[in-house]
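See below for the structure under consideration.
The values are calculated or read from the model by the stated rules, or taken from the named source; none is laboratory data. Keep in mind the model is a prediction, meaning the values are calculated, not measured. Using ideal geometry, Cβ is built from the backbone for each residue, glycine included, and neighbour counts are taken over all protein chains shown. The accessibility values were calculated without ligands, DNA or RNA, using every heavy atom of the protein model including side chains. Shrake-Rupley method; radii C 1.70, N 1.55, O 1.52, S 1.80 Å.
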Amino acid sequence: MMLLRLAILCIALASSRACRTGTETVASQDWWKTTTFYQIYPRSFMDSNGDGIGDLKGITSKMEHIADAGAGAFWISPIYPSPMADFGYDIADFKDIDPVFGSLADFDDLVAKAKQLNLKVIMDFVPNHSSDKHEWFEKSVNRVDPYTNYYIWRDSKGVDETGARLPPNNWISGFQGSAWEWNEQRGQFYYHMFHKGQPDLNYRDANLRKEMEDVLTFWIERGVEGFRIDAINHMFEDESLPDEPPSNRPDVPDGYYDSLSHIYTRDLNETYDVLQSWRELLDNYSANTNTDTKVIMTEGYASIDRVMDYYTHGSNIPFNFRFITDARNGTTATQFKNLIDEWVEHMPTGYTANWVVGNHDQRRTGSRYGIDRVDQMSIVSALLPGVLVTYNGDEIGMLDGELSWEETVDPSACNTNEEIYEPYSRDPERTPFQWDATTSAGFSTSSTTWLPVNPNYLWLNLAAQQVQEHSHYHVYQAMTTLRKIPLLKRGDLTVTVMSSNVLAIVRSVAGIPPVIGLVNCGETPVTIPVITTELDLMTVYTSSVDSGVVPGTNITTTSYQLPRAATVVLLSPKLYQIIKSSY
């Protein structure tokens, strides 16, 4: 029989600085460790009432899709009451639902439906700030205890030559401009890392910390199985308020966030202590109620060493954004291997890897990698050990919408100008989910939606892909199904580079034919040699849609040609038949 030379190298040798993970018994695995998490951006998932904005009843009505896609859990971007200055990330009440999304009763119905489908619900927790319309802020403005120091207030450092008050220092908001806003009533500036309607909370205040612990308990008692913690590395700032040094980036205008090096306003050590206290709170709840582990997922764009510290301070899933920030169309096989190696080799012993390919803050996978490489990233991330995180729409290869300046609503972009807004806008990746080819892509009965639907919905939509024999959706389903087999849950990982630009990912357990993924990262076909072994021949389990490689075909020649930009997954024929018969 025949097998790729790759498998022999990966199983028998360790000659290419292979990236390996140790085996782990199924019994020792917690529920989340090999789960696919599906992110829902609620404004854009499904509109149930025709107002052009997605809502909770819409999510509940489409929940079967999440289960059918192969996810085991889903997390919902913020649905709390909000003035919507930043579309829900400016929260006016941490213990309720905004009417645009529904009610607490609707949320309870959603949780009940999820339990029926064996899905876990993860809440988006936004600890860094509240809305300036929150009761806490209004009382803090008036120095009503215990709220007086719930936020970061500082005096002006003087006035300029025009008599305008000067902020305490040069800190810049992530949405451009000064991070300080004057409040006339209190007679002080308050700090806001993001929009001026999002004042930062002060975690050096014990009463505020207790308030946020109560928020976590409130949602856990309502059936939530964990939290995705937003912007965690911005929770603390240097109390002495030193000016931040310039970044000296010639491509960034003065007054824009990246014009400074943020050494005093992010990644401070105190953050990890607060995270550890939240971990203890959730663990105590699980122990006292004899319920499953409550998962913590943390969002922190930081150096890999700082991200790894989240593991040891309570985060089950400190988001690994390397496939977003450090890879794109044109990334070589060696570069991909280095990104995978870097994460696994830095990860503390005994912890679980995770692979995030897209989210609501970054351009869509299909647009970053190219539509012909959408399946590449679905396959690569699913083959790797640990947790897979998918942004809604990536399972069908959705592309960024193209929005004019007049259509732009994202405050990050609106705070720039018509000439340079596009790199700052997060609207393109937030356009409505494309369910079918009916009005507004089946997202809404209204022809007008909060963001315009991408015109390509007429041919790029879930309904069309469900009936196609080989589609992005079917590739994604095939991979989430494959992730459930013991070999991918606990098998070793070996990553190598072949023929200069082919990435090879092998999952193996001694004595069992391996699962092999091959990615041609180049733009020309590559021929790979095949040798005879005692093992079964290999069958193509799935392949990238644009590759021209037909799933179910066998490799029976002395060489195998991998087309340009192609990604394939190879199994033994016996395993192939077992899995194919299961769905």
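Filtering region 185-199 to residues that are buried (at least 23 other Cβ atoms within 10 Å of the Cβ) and assigned to a strand (DSSP E or B) leaves F189, Y191. Taking the criterion of being surrounded by fewer than 24 Cβ atoms within 10 Å (Cβ to Cβ) and in a helix (DSSP H, G or I), would at least one residue in region 349-363 satisfy it? There is no residue in region 349-363 that is surrounded by fewer than 24 Cβ atoms within 10 Å (Cβ to Cβ) and in a helix (DSSP H, G or I).
So, Q188, is that one touching a Phe, Trp or Tyr at 6+ places or on another chain (Cβ under 6 Å) and of a type outside the set (F, W, Y) or not?
Here the answer is yes, as Q188 does meet what is asked.
Confirm whether R328 is open to solvent by 10 Å² or more (accessible area, probe 1.4 Å) and touching a Pro at 6+ places or on another chain (Cβ under 8 Å). No: the conditions fail for R328. From the list V307, V344, the one residue that fits, being open to solvent by 10 Å² or more (accessible area, probe 1.4 Å) and aliphatic (A, V, I, L, M), is V344. Of the candidates R228, R222, the single residue that is out of contact with any helix residue (DSSP H, G or I) (no Cβ under 8 Å at 6 or more places or on another chain) and within 24 Å of V295 (Cα to Cα) is R228. The residue of region 231-269 that is most open to solvent (accessible area, probe 1.4 Å), among those that are among the aliphatic types (A, V, I, L, M) and either under 22 Å from F125 (Cβ atoms) or modelled with pLDDT of 95 or more (or both), is I263. A search for C-beta distances below 9 Å between a residue of region 539-568 that is closer than 20 Å to C521 by Cβ and any residue that is open to solvent by 70 Å² or more (accessible area, probe 1.4 Å) and in a strand (DSSP E or B), counting only pairs 6+ apart in sequence or on different chains, returns V540/N554; S559/T527; Y560/T527; Q561/T527; L562/T527.
The conditions of being open to solvent by less than 40 Å² (accessible area, probe 1.4 Å) and without any contact (Cβ under 8 Å) to a residue 60 or more places away in the chain are not met by N142. Taking the numbered list (1) assigned to a helix (DSSP H, G or I); (2) among the charged types (D, E, K, R); (3) within 30 Å of N118 (Cβ to Cβ) in turn, R209 passes all entries but (3). Taking every residue in region 116-129 that is more than 15 Å from K294 (Cα to Cα) and open to solvent by 40 Å² or more (accessible area, probe 1.4 Å) and pairing it with any residue that is not hydrophobic (A, V, I, L, M, F, W, C) and not in a strand (DSSP E or B), at least 6 positions away or on another chain, the pairs with Cβ-Cβ distances below 8 Å are L117/E64; N118/G72.
Just a yes or no: is a residue in region 158-181 of a type in the set (K, R) and open to solvent by 30 Å² or more (accessible area, probe 1.4 Å)? Yes, region 158-181 has at least one match. Taking region 215-329 as the region of interest, the helices (runs of 4 or more DSSP H) fully inside it that hold 1 or more residues being acidic (D, E) are 270-289, 304-312. For region 538-577, the set of residues classified as part of a helix (DSSP H, G or I) and either buried (at least 19 other Cβ atoms within 10 Å of the Cβ) or of a type in the set (S, T, Y) (or both) consists of V545, D546, S547, L575, Y576, listed by residue number.
A quick yes/no check of all residues on (1) out of contact with any His (no Cβ under 9 Å at 6 or more places or on another chain); (2) over 27 Å from A71 (Cα atoms); (3) modelled with pLDDT of 95 or more:
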{"residue": "W405", "(1), (2), (3)": "yes, yes, yes"}
{"residue": "R483", "(1), (2), (3)": "yes, no, yes"}
{"residue": "S499", "(1), (2), (3)": "yes, yes, no"}
{"residue": "R507", "(1), (2), (3)": "yes, no, yes"}
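The listed residues are E407, E418, and the only one of them that is farther than 15 Å from F45 by Cα, touching a Pro at 6+ places or on another chain (Cβ under 8 Å) and either part of a loop (DSSP other than H, G, I, E, B) or open to solvent by 10 Å² or more (accessible area, probe 1.4 Å) (or both) turns out to be E407. Of all the listed residues (A333, A327), the sole one being modelled with pLDDT of 95 or more and out of contact with any Lys or Arg (no Cβ under 9 Å at 6 or more places or on another chain) is A333.
Close Cβ contacts (under 7 Å, 6 or more residues apart or on different chains) running from residues in region 364-388 that are free of Cβ contacts under 8 Å to residues at least 60 places away in the same chain and buried (at least 24 other Cβ atoms within 10 Å of the Cβ) to residues that are of a type in the set (F, W, Y) and not in a helix (DSSP H, G or I) comprise S381/W355. Restricting region 421-458 to residues that are in a helix (DSSP H, G or I), within 20 Å of D86 (Cα to Cα) and touching a residue at least 12 places away in the same chain (Cβ under 8 Å) leaves a set whose member that is most open to solvent (accessible area, probe 1.4 Å) is Y424. Looking at region 151-184, which of its residues are in a loop (DSSP other than H, G, I, E, B), closer than 28 Å to N207 by Cα and touching a residue at least 60 places away in the same chain (Cβ under 8 Å)? Matches in region 151-184: I152, P168, N169, W171, S173, G174, A179. Of all residues in region 514-537, those that are modelled with pLDDT under 90 and assigned to a strand (DSSP E or B) total 5. For region 204-222, which positions are open to solvent by 10 Å² or more (accessible area, probe 1.4 Å) and of a type in the set (F, W, Y)? Scanning region 204-222 gives a single hit, F218. Could you check, for region 459-476, whether at least one of its residues is farther than 26 Å from F37 by Cα, open to solvent by 10 Å² or more (accessible area, probe 1.4 Å) and out of contact with any Gly (no Cβ under 9 Å at 6 or more places or on another chain)? Checked region 459-476: at least one residue is farther than 26 Å from F37 by Cα, open to solvent by 10 Å² or more (accessible area, probe 1.4 Å) and out of contact with any Gly (no Cβ under 9 Å at 6 or more places or on another chain).
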